[in-house]
Amino acid sequence: MAGGHAELARDAGIVTDTGVEFLGRIGIDMTAMRAQRARKSGRVLCRPCLDWSERRPHLAGMVGSAICTHCFDMGWIRRSEGTRAVLVTPKGQRVFREEFGLELT
């Protein structure tokens, strides 16, 4: 995540304190994810992953999944019918600009 919210290595990552605060501010609570990870769920908390179609890295693991689910739940993104493609809604464009500092075209 930009802004120092995560530190990523080649195959691992951590969410920083500022990242935990940021996620909380947008509505994602890290407490449950940390508790699940502490129980040795076998699922990675945070790591980079290379997208197979775009050939660009994205955030994977429990944190990446939580962000994706939250974005769908909040109506910031939606699936393009009949595909795996994700479209950013007008509401999502505003939120990504204001909260994430991303200007989407």
Among the residues in region 59-69, are any in a loop (DSSP other than H, G, I, E, B) and either closer than 23 Å to Gly92 by Cα or of a type in the set (Asp, Glu) (or both)? no
Looking at Thr89, Thr105 in this structure, which one is open to solvent by 70 Å² or more (accessible area, probe 1.4 Å) and hydroxyl-bearing (Ser, Thr, Tyr)? Thr105
Quick check on my filter: what residues within region 18-58 are β-branched (Val, Ile, Thr) and without any contact (Cβ under 8 Å) to a residue 12 or more places away in the chain? Val20, Thr31
Find the strands (runs of 3 or more DSSP E) located wholly in region 1-53 whose residues include 2 or more that are under 29 Å from Ala85 (Cβ atoms) and modelled with pLDDT under 80, and list them. none
Here are the criteria: (1) touching a Phe, Trp or Tyr at 6+ places or on another chain (Cβ under 6 Å); (2) at pLDDT 90 or above; (3) among the hydrophobic types (A, V, I, L, M, F, W, C). Tell me which single one Leu102 does not satisfy. (2)
Considering only residues that are touching a Cys at 6+ places or on another chain (Cβ under 8 Å) and under 15 Å from Asp11 (Cα atoms), look in region 54-96 and name the one that is modelled with the lowest pLDDT. Pro57
If I go through region 79-101 residue by residue, how many of them are in a loop (DSSP other than H, G, I, E, B) and free of Cβ contacts under 8 Å to residues at least 60 places away in the same chain? 7
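The values are calculated or read from the model by the stated rules, or taken from the named source; none is laboratory data. As the structure is a prediction and not an experimental result, all values here were calculated from the model. Please note: Cβ atoms are built from the backbone with ideal geometry, for glycine as well, and neighbour counts cover all protein chains shown. To get the accessible areas, we keep the full protein, side chains included, count just its heavy atoms, and leave off ligands, DNA and RNA. Shrake-Rupley method; radii C 1.70, N 1.55, O 1.52, S 1.80 Å.
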